[in-house]
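Everything on this sheet refers to the single structure shown next.
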Amino acid sequence: MNQWIVFAILLPAVMAPVLVLAARHDIVLARVLSVAACAAQLALALGFFVSASSEPPQMYALGDWPAPFGIVLVLDRLSALMLLLSGALSLLVLLYAIGGWDARGRHFHALWQFQVMGINGAFLTGDFFNLFVFFEILLIASYGLMVHGGGRDRVGAGVQYVVVNLLGSTLFLIAVGLIYSVAGTLNMADLALKVPELAQGDRAILNTGALLLLMVFGVKAALVPLHFWLPGTYANAPAPVAALFAIMTKVGAYSIIRLYVLAFGAEAGASAWLAAPWLLPAALVTLVLGMAGVLGARSLGQLAAFSVIGSMGTLLIAVGLFSEQALGAGLYYLVHSTLAAAALFLVADLVSARRIVHGGQLDAGPAFADSGLLSAYFFVLAIAVCGMPPLSGFIGKLLILDSARSSALVAWIWSLVLGTSLLCIVGFARAGSTLFWRRHGVGDLPPPEQDVSSSGVLPMVSTGAILFALVMFTVFAGPATVWLDDTAAQVFQPGQYIDAVLGAGGINE
Amino acid sequence: MSLLLIVLLPFIGALFPALMIRVGRNASAAAAFFATSLAFVLLMSHAPALFRGEVLQAGWEWLPGLGLNVNFLLDGLGFFFAALILGIGLLIIVYARYYLSKDDPVGVFYTYLLLFQGAMVGIVVSDNVLLLLIFWELTSLSSFLLIGYWKHLPEGRQGARMALAVTGAGGLAMIAGMLLIGDIAGSYDLSVILQRAESIQASPQYLPALVLILIGCFTKSAQFPFHFWLPHAMAAPTPVSAYLHSATMVKAGLFLMARMWPVLSGTEAWFYIVATTGLVTMTIGAFIALFKDDLKGLLAYSTVSHLGLVTMLFGFGTPMAATAAVFHVLNHATFKAALFMSAGIVDHEAGTRDVRRLGGLMHLMPVTATLAMVAGASMAGLPLLNGFLSKEMMLHEAASTAWLGQGWVLGTAATIAACFSVAYSFRFIAHVFMGPIRKDYPHHPHDPPLGMWIPPAVLVVLVVLIGLFPDTLAGPLVAMVARAVTGGQVLDYHLAQWHGFTPALGMSVVAIVVGTLLIRSYPRVRALWTAGPHPEAKRIFDGLITGAVDIAQRLTHGVHNGSMQRYLAVMLSAMLLLGYFVFASSPNAPGTRALMPASAVAVVGWVLLMGACLALVLMHQQRLLALVVVGVIGLIVSIGFVYLSAPDLALTQISVEVVTVILMLLALNFLPKRSPRESSTVRRLRDAGLAIAAGLGVGGAAWAVMTRDAETLSGYYLEQSVAGGGGSNVVNVILVDFRGFDTFGEIIVLGIAALTIFALLDGLMVSAAGRRLQSWRPDQARAADRHPMMLAVATRAMLPLALMVGIYIFLRGHNVPGGGFIAGLVVAVALIVQYMASGFGWAAHRMKVDYHALIGAGVLVAAATGLGALVAGFPFLTSTVWHLDLPLLGELHIASAMFFDTGVFLVVVGATMLALANLSRLGRHAEHLLVNREPMDVDPSRPSFAAGEH
């Protein structure tokens, strides 16, 4: 048993109370501890990545109780990937935040660590009630982070965020109750064994529970029509928080991948591929609505928020195809879209902070500081987000299009993915030319002193680092896709996961 | 490697100009020139091998899984285009150095230019079509930057966006087309695809693939009806127009048609789509060009027309026509780039490029005039120049190709286009350079510095030399390129000025005569044109975009209007519909569990619960009352738990109810006591319907679940509770042991909630809301005795008792109902009551614990308990039981889970109290209350009180 697995959760879980206890009055100490914790997590995640690459899924039984009775954590390639992504993202974005955002309210770093704990826990747990607990941690910590710094709009959006997500949590409990009542288990691997053997008469309850659970994950993943919380939340959240939230939507996508391939996949008998007929059409609508939002955005925040919805649509199309090849493509796009969305929120913040009067509004204003470098950042990101060559967004889309060939909806998928790319291109071209090219008002005056929040080198560098990661992900797309295809293959062999959790005899029980 | 370098050099070189501009404009231009010439020399070093008929290939794997690899292929066609791109690129770099003014950011210009150049070279040497697509879109992106280079010009920005939208859209279509082709051919490598002509043309996917790829080519090469972006791209600085919009980028579409010619051409679909589009474009372009007053506009439409000409030739699908097309690409690039540069010189020196304001420049700027007039004559297709040669070939091909079985159609149309072509070329020459010298030029025109006219001069020399010695100078090149295009077919032809009295010569003569006549009677022709309709493509395009944006905005802001009620209604409806649909469409056997009789107690409880819920709905506007009813509901639910034999749940529920109602009461203090009626009756009915449906749904689900027996985990837990968990209260053992990790998470949730409340209210104090709170006046009368004596005395007497109860509940928890969570709540209630009874200041003074610390310590204690197991070599949270034999007390079992439960207890107390403390802080802040030091400040006028502080 890999003892380290639990530390991905424990490290932030311990660091957060330490921050509350020892560093709540000392921002410098808090920064040091928080960055150290995130760096340690990244190192841990790298270790997991290496370990998961060569070994079959590994299980960690909490409290030493055997599955399915106790709670287990499972580390396989997919969860290792997600942990690495969240580790890298949280560190880079945290560096951005210590440029000034973290001092705008209280307990930022503690909440940050708790949030990371929730994210890591959701990626590791092999128990779907425990997943609920981590969703709660995620929700409440993200709410705390989202209203960080206060302000009327932000707190208002926060209320919507928390209410909508509480509806999701309620549904989660109902769904878990339904599934548990017929399958009698909370363990995902055990569920995978129980589902095919379930009596026909119990199918209605099981399927209802399972699809309601899909909707819960859909809320997290901003699947239309459950996405309503996202635009207001992302557009109003503090930039580094919105950037970290880029991985939160992926928690929903991850859960869908995990549960609906493992327990409701090829071997689920009468409930096989339960989510497929619902997920794919909804994902297509999500894509269209998101990219239309990019075109119709009136502010940078909206632009970024709707592009996240659009990218979730693209990602969920790949997931909804429920094939090994499509999942491999989807995972590539997942990594890309997480990094791109995060960087986009940061750039939006850098720009807004420098446009004193106009902020993030998409209208012409006077010249502002650093507009050269920022316009380059924006240009690169627009290319990435729209899926234009040569960056990873293009490769991701190409992989997804390629993997959709055998789908019955291939014509829809191709035309919508490509057509919405055009909406995105036009939207970003309009936004970019308005922000960086059009000038209105006091043109040549030197820009006034800005807000402390995002001046300085650190925010620029950390944003640049994310962009650099995107470029590297493009350059090394070859090895990356090989690794991701193997990961998809592992996901599509639930036997490995089940063996790891329930022992080799699990299949025969 | 050399191939890779040729592609990479411009990209690497792109880094330098933007840096070297710090040294100066010359350094910047020199850096760009150096990188380009290096690539050019490298390219030329391959010329001998290519002329021998060799093909160079080089490849690296990038994304083999998809078939996207960095494979390059240099053959005659690629060499020809690369030479054009790099060669003209060199001239443009020199020209731009003199063209751009001191105020323009020259470094950025060269960087963009080299980026573009690299992308273009990439297109023409790509072997892999997916790689080609990447370079293809890169040219769209870099040209976006170049067209919008003068960012202060609205036309520049609009032109850039338009070009990006149109060519970008074409690129997207081409992605689909290439994916189809690759699928049919089984590879994305051109060297493979080019061998699969038969299977590709036989495939049912041939037509969609063809159409999609052609959309890409046509948008890029400005073919009708996508031609409109090109004239608007003329807002770019002239070096950009000369480079992108005459010599290189617009030729990318032609290049691709040439590249795919062996595979795609030869079918009827190809002929009718490509040849017709080319023909229409050629004619319309030439026609419109005649009426453009802007020099660059005239040249832009002329370019459209010539691109159409080449497209048409490729469309014919015969090797000879393809050869003519290749030759015309060369000729057009030379004379058109020279013309653009001349137009730029005129604009630069005379201050305008409006034909109506020019004339007579021949006398003022003789060098420029000579260059422009020679190049213009070539554009017109006058003999002895290179334009004449390829135009003759085109006329010949057109005359000998039938369209829909009619032999005359193409020939006639081509002649008409040639007439216009001659006319606008003559207009360019006559109206700008000939005629008398005018007095009203914006600037005083004179010939430019050497660096500005040398580049066009080089091209004009080529125009003349190729015209005079076509077979010697261009023959081998054209033959090599034609072989590459047609797949190695050897043709019997030779390039020459004189082919005898052919029909083509006749058509040329007609064109020159008619063209001359048209220009002689230009005012009348112009009047005729002015009277006709002019569909303005820009307006249509802008309308489309504005319409799309409008729809997008309405959709976006209409759907996401910020109304939470609506969001929840949509989400709830979706959940209900999906839930109902799935349940109804899956097999369901009703539960078999025997139903219990409804006892009187249960019926009463049920009626009370329903009544309370109904009352809540009816009274929700009176918030205080509603809160009381919420309390009632909670109470009945607790009783329900007791009735259903779940004492732990009941205890938890009831203590949670007490704490939340108290906290909500405190919060309600600052809120209006009545909710306004905000929604319409229709909305309320909708919501009522949804609520009832949701209630029925959950009720039905609960019924379905509770009427069946299922094998669950309970049996194991009952079995293992004492043996493995060391406690006989299964619920508590589940909480702190079997699923202790869940509890660990949940106490963290509680802790975070408290921290969030603190952070939120702390932020509130200093914000605008805080100021509002400052000026807030209580909306209800306050009691005179803030801290009634009876309450204070009673609560203080009760405190030790309550704490005892808390400890008792805590200690017994592992074996009988109780536990850290409930104990924490009980203790918190006991403390809260102190605060309520005796005032916050008094109580806080005596309560020396920092609640932040309590939360932090609680989480740490729980984590440390779990880590203890880790030290002992067991997984996190593994429990153990110690058996102690103590004097007096006797044998004692201590489960390690108790320490964990201590953590739970601490967090619960800390979180609850922190929430209370903050709400109370809010109250003091709002009401400017003095912090009481005395426990029972019955009389606020007491002297010690008046001297108190905030």
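The values are calculated or read from the model by the stated rules, or taken from the named source; none is laboratory data. Keep in mind that this is a model prediction, so the values were computed, not measured. Note that we place each Cβ from the backbone using ideal geometry, even for glycine, and neighbour counts take in every protein chain shown. The area values use the complete protein model at the heavy-atom level, side chains included, leaving out ligands, DNA and RNA. Shrake-Rupley method; radii C 1.70, N 1.55, O 1.52, S 1.80 Å.
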Going through segment B:4-24 one residue at a time, which ones are touching a helix residue (DSSP H, G or I) at 6+ places or on another chain (Cβ under 6 Å) and open to solvent by less than 60 Å² (accessible area, probe 1.4 Å)?
-> B:ILE6, B:VAL7, B:LEU9, B:PRO10, B:PHE11, B:GLY13, B:ALA14, B:PRO17, B:ALA18, B:ILE21
Options B:LEU131, B:LEU146: the member that is in contact (Cβ under 8 Å) with a residue 24 or more places away in the chain and away from every other protein chain (no Cβ under 11 Å) | B:LEU146
If you take the residues in segment B:820-878 that are at pLDDT 85 or above and of a type in the set (S, T, N, Q), which one is farthest from B:ARG924 (Cα to Cα)?
-> B:THR878
Between residues in segment B:889-913 that are assigned by TED's automatic domain parsing to the domain that holds B:LEU755 and farther than 17 Å from B:ILE807 by Cβ and residues that are open to solvent by 50 Å² or more (accessible area, probe 1.4 Å) and polar (S, T, N, Q), which pairs lie under 7 Å by C-beta distance while being six or more apart or on different chains?
-> B:SER896/B:THR880
A careful count of residues in segment B:637-653 that are buried (at least 20 other Cβ atoms within 10 Å of the Cβ) and either in contact with a Pro (Cβ under 7 Å, 6 or more places away or on another chain) or of a type in the set (A, V, I, L, M) (or both) gives 3
Quick one: which of B:GLY59, B:GLY65 is within 24 Å of A:GLY478 (Cα to Cα) and outside any strand (DSSP E or B)?
-> B:GLY65
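Out of all the residues in segment B:589-597, is one or more among the β-branched types (Val, Ile, Thr) and more than 14 Å from chain A (Cβ to nearest Cβ)?
Taking segment B:589-597 and keeping what is among the β-branched types (Val, Ile, Thr), we get B:592.
Next cut, more than 14 Å from chain A (Cβ to nearest Cβ) only: none.
Within segment B:589-597, not a single residue is among the β-branched types (Val, Ile, Thr) and more than 14 Å from chain A (Cβ to nearest Cβ).
For B:ILE747, state whether it is within 46 Å of the chain's Cα centre (by Cα), assigned to a helix (DSSP H, G or I) and more than 26 Å from A:LEU212 (Cα to Cα). Working first, answer last.
Working: within 46 Å of the chain's Cα centre (by Cα): yes; assigned to a helix (DSSP H, G or I): yes; more than 26 Å from A:LEU212 (Cα to Cα): yes.
Yes, satisfied.
Rundown of residues vs (1) under 20 Å from B:ILE747 (Cα atoms); (2) away from chain A (no Cβ under 14 Å); (3) open to solvent by 10 Å² or more (accessible area, probe 1.4 Å), yes/no style:
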site	(1), (2), (3)
B:GLY813	yes, yes, no
B:VAL816	no, yes, yes
B:ALA823	yes, yes, no
B:TRP842	no, yes, yes
B:ARG846	no, yes, yes
B:ASP850	yes, no, yes
B:ALA864	yes, no, yes
B:SER879	yes, no, yes
B:TRP882	no, yes, yes
Could you list all residues from segment B:762-782 that are away from chain A (no Cβ under 14 Å) and open to solvent by 70 Å² or more (accessible area, probe 1.4 Å)?
-> B:GLN774, B:SER775, B:ARG777, B:ASP779, B:GLN780, B:ALA781, B:ARG782
Any residue at all in segment A:280-287 that is under 30 Å from A:LEU362 (Cα atoms), within 14 Å of chain B (Cβ to nearest Cβ), open to solvent by 10 Å² or more (accessible area, probe 1.4 Å) and assigned to a helix (DSSP H, G or I)?
-> yes
Of the residues that make up segment B:678-689, is at least one in contact (Cβ under 8 Å) with a residue 60 or more places away in the chain and not in a helix (DSSP H, G or I)?
-> yes
From the residues in segment B:734-756 that are more than 7 Å from chain A (Cβ to nearest Cβ) and modelled with pLDDT of 90 or more, which one is nearest to B:SER920 (Cα to Cα)?
-> B:ALA754
Keeping to segment A:106-153, report how many residues are charged (D, E, K, R), farther than 23 Å from B:HIS852 by Cβ and in a helix (DSSP H, G or I).
-> 2
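Just checking, which of A:ALA30, A:ALA22, A:ALA8, A:ALA37 is of a type outside the set (S, T, N, Q), touching a Leu at 6+ places or on another chain (Cβ under 8 Å) and within 11 Å of chain B (Cβ to nearest Cβ)?
Checking each option against the conditions leaves just A:ALA22.
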Just one of (1) free of Cβ contacts under 8 Å to residues at least 24 places away in the same chain; (2) of a type outside the set (Ser, Thr, Tyr); (3) in a helix (DSSP H, G or I) trips up B:PRO204, so point out which.
-> (3)
Limited to segment A:391-402, what total is found for residues that are within 10 Å of chain B (Cβ to nearest Cβ) and within 23 Å of the chain's Cα centre (by Cα)?
-> 7
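Condition check ((1) within 13 Å of chain B (Cβ to nearest Cβ); (2) touching a Gly at 6+ places or on another chain (Cβ under 7 Å); (3) assigned to a loop (DSSP other than H, G, I, E, B)) across all residues:
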| site | (1), (2), (3) |
| --- | --- |
| A:GLY177 | yes, no, no |
| A:ASP190 | yes, no, no |
| A:GLY201 | yes, no, no |
| A:THR208 | yes, yes, no |
| A:GLY218 | yes, yes, no |
| A:ALA242 | no, no, no |
| A:ALA253 | no, no, no |
| A:PHE264 | yes, no, yes |
Determine whether B:HIS363 is over 15 Å from B:SER305 (Cα atoms) and part of a helix (DSSP H, G or I).
-> yes
Considering only residues that are within 26 Å of B:ALA160 (Cβ to Cβ) and open to solvent by 40 Å² or more (accessible area, probe 1.4 Å), look in segment B:503-542 and name the one that is nearest to the other protein chains (Cβ to nearest Cβ).
-> B:ASP542
What is the one condition in (1) more than 45 Å from the chain's Cα centre (by Cα); (2) of a type outside the set (Val, Ile, Thr); (3) within 20 Å of B:GLY726 (Cβ to Cβ) that B:LEU888 does not satisfy?
-> (3)
What residue, of A:GLY301, A:GLY296, is small (Gly, Ala, Ser), within 10 Å of chain B (Cβ to nearest Cβ) and within 25 Å of A:PRO238 (Cα to Cα)?
-> A:GLY296
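Go through A:LEU274, A:LEU214, A:LEU223 for me and flag whichever is aliphatic (A, V, I, L, M) and assigned to a helix (DSSP H, G or I).
Within the list A:LEU274, A:LEU214, A:LEU223, the selection yields A:LEU214.
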Sole exception among (1) among the aliphatic types (A, V, I, L, M); (2) open to solvent by 10 Å² or more (accessible area, probe 1.4 Å); (3) part of a helix (DSSP H, G or I); (4) within 11 Å of chain B (Cβ to nearest Cβ) for A:ALA103, by number | (4)
Restrict the check to segment A:403-420 and report whether at least one residue is open to solvent by 30 Å² or more (accessible area, probe 1.4 Å), within 13 Å of another protein chain (Cβ to nearest Cβ), assigned to a loop (DSSP other than H, G, I, E, B) and among the hydroxyl-bearing types (Ser, Thr, Tyr).
-> yes
Is it the case that segment B:651-672 has a residue that's among the aromatic types (Phe, Trp, Tyr) and either free of Cβ contacts under 8 Å to residues at least 24 places away in the same chain or closer than 16 Å to B:VAL826 by Cα (or both)?
-> no
